[in-house]
Structures are given as C-alpha cells and as structure tokens.
1. Consider residue 35 against the criteria (1) modelled with pLDDT of 95 or more; (2) under 30 Å from residue 298 (Cα atoms); (3) surrounded by 19 or more Cβ atoms within 10 Å (Cβ to Cβ): it satisfies all of them except one. Which criterion is unmet?
2. Return a yes/no flag: does region 82-101 have any residue that is surrounded by 21 or more Cβ atoms within 10 Å (Cβ to Cβ), at pLDDT 95 or above and touching a helix residue (DSSP H, G or I) at 6+ places or on another chain (Cβ under 8 Å).
3. For region 174-182, does any single residue satisfy the condition of being closer than 14 Å to residue 251 by Cβ and surrounded by 22 or more Cβ atoms within 10 Å (Cβ to Cβ)?
4. So in region 251-261, with the set limited to residues that are in contact (Cβ under 8 Å) with a residue 24 or more places away in the chain and over 16 Å from the mean Cα position of the chain (by Cα), which one is farthest from residue 58 (Cα to Cα)?
5. Quick one: what pairs do we get from region 149-174, first residue on the phi > 0 side of the Ramachandran plot, second surrounded by 13 or more Cβ atoms within 10 Å (Cβ to Cβ), C-beta under 6 Å, 6+ apart or different chains?
6. Please verify whether region 210-223 includes one or more residues that are under 15 Å from residue 269 (Cα atoms), surrounded by fewer than 22 Cβ atoms within 10 Å (Cβ to Cβ) and touching a residue at least 60 places away in the same chain (Cβ under 8 Å).
7. Which strands (runs of 3 or more DSSP E) sit wholly inside region 53-139 and have at least 2 residues that are without any contact (Cβ under 8 Å) to a residue 24 or more places away in the chain?
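The values are calculated or read from the model by the stated rules, or taken from the named source; none is laboratory data. These figures come from a predicted structure and were not determined experimentally. Because the Cβ atoms are built from the backbone with ideal geometry, glycine has one as well, and the counts that use them run over all protein chains shown.
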C-alpha cells in the first residue's frame, strides 16, 4: 500500500511538475463557504454523543530512519468557553459558549530502545468562519524528557507558552500574528474542505513537526493546493488531496481525505529533511487501518479492552 500511496501522490498531485489545482487564491483566503453545520446529516453525525476514532499505520521519519508506529485521530464535538478556553462542564451554560470540534491527535513509535508519545489537542469552533481555531496544546514524552507547547488566540493574535527540558529552549512565552494553523487544517477538512486556503498562504507549522525538528515557532510562507484523485486502496470513491509546501522550511504536508461528507481522513504524508548529523529527505506516512464511532470515555473497564482490538491497537 505504501507504493500505491506514493504513486497516487505523484500521478494526481502533479502534472508536468505542477500540482493540479481545483481553485487558486492569491491572498490565501480560499472558499468563503461556511461549515455545513446546519444540515441534518452534520447534526446526526457530529452531535450523536459519540466520538470518531481512527487508527493509522504509521511510518515515522526520525534520526535519519523510518520507524514503525501508530497514530490515532479522535474527533468529537463539545461545548467550549472562549474566554477561559476550556471545555464547558458544569454550571449555567454561558451565552458565549461555542460548539467546537476537538481533535486529539496522537503518535506513538519507538526509536531503538525508547518510545515517543506525542499528543496534540486542537479546539476549532464548528462555525470557524469568524475566528478559526482558538487553542492548541501539544506535548511530547520520550525517555530524554518532556516538552509542552500551548497556543491561545486572544485579541487577534496567538499567545504562546513553551516548556522544555532542552537548555537552548527552556521555558518561555511568545506572541504570533494571526495566521492559519497547520494544526487547524485537520478540523477544516472535517467541517468544510471548501474553506481550505489555496495559493500563497501564511501559516504556523504543526506543533508536532516543530517539536521534533526543534524549529523556532513563527509564521511561515507556503503554497497550498487542493486536487482530486482516485485510489482504490484508500477508497472506492473519488478522494481529495490537500498539499502545503513550505517556502523556507524543508517540508511538504499532503493529506488525502474523502470527497463527500463526513470527509474522513484516509492518509497523509510529510516529506522532510530529517536527521541531525547527516540530514536526508525522508517521508513520514500514515494510512487508515481501523475506525470506530463510540463514546469511548465510558469504555474504561477492563472488559472494554476489546475496543482496542476493534481499533487494531
């Protein structure tokens, strides 16, 4: 399947070296359509009181090699308090509470003897047309130590905090101009892929990439494109491909997803210059293997471990 996935990216993402575009926007604003959150299909799927869990077979580039692992995307709607930027859980529901699509994105893989466990949480209003994602929290744990980064959108800018065990990074606070979050792209695909910006864009790279590459957190220039494709190995139906190619960073992100609602994410690829001593171009790839819709937070008994088998974990 890895070969088929690579061929599909080459055959349909490029034509004579040029990515096949469905739309192009010089200013990067993309489509103006809002998420179809008023439709019955949307309400039935996303407000069922359950979450969508999808497991992916992961091939992770790290230290100049490819390491096997697994990734999980968990999407679920919940009420979100924009002031405190936390989940609404008790008391009278404030008037400004928002319905948000939360993404928990995890990766787990081993490098030699020791494991990496990485998790990112992204909170995106279901009606994101006015504000975009409001919060990103990302952490990484491995046997050398831990790091944590959080971005909160306040006053039209992103306020950031970063904690690290590395001497050169330590603990710090920072501020970024308002720009598209790469971590928001996953939710935009699920909510309204027509809103994905194309052409020249300003973007904040994904927090998991920033963590593993030790790159500074800043807004970058990139070229984004959206195209159609076919691959029976991923789906019997037509699929969409969204690609972000960074201008200054050695990185390209490509996400394959269903062309029709609920726009499930089928696979993705990250091409990066990897390796600290002798860097070389490698590709991290993830392909969907299992998916389940359930209220997983109630499945916490020993007997519920069968759900892990259902997810291929």
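1. In the conditions (1) modelled with pLDDT of 95 or more; (2) under 30 Å from residue 298 (Cα atoms); (3) surrounded by 19 or more Cβ atoms within 10 Å (Cβ to Cβ), residue 35 misses (1) alone.
2. Yes: region 82-101 contains one or more residues that are surrounded by 21 or more Cβ atoms within 10 Å (Cβ to Cβ), at pLDDT 95 or above and touching a helix residue (DSSP H, G or I) at 6+ places or on another chain (Cβ under 8 Å).
3. Scanning region 174-182, I find at least one residue that is closer than 14 Å to residue 251 by Cβ and surrounded by 22 or more Cβ atoms within 10 Å (Cβ to Cβ), so the answer is yes.
4. Looking at the filtered set, the residue picked out is 261.
5. Once the first residue is on the phi > 0 side of the Ramachandran plot and sits in region 149-174, its partners that are surrounded by 13 or more Cβ atoms within 10 Å (Cβ to Cβ) give 156/178.
6. No.
7. The qualifying strands (runs of 3 or more DSSP E) are 65-81, 114-125.
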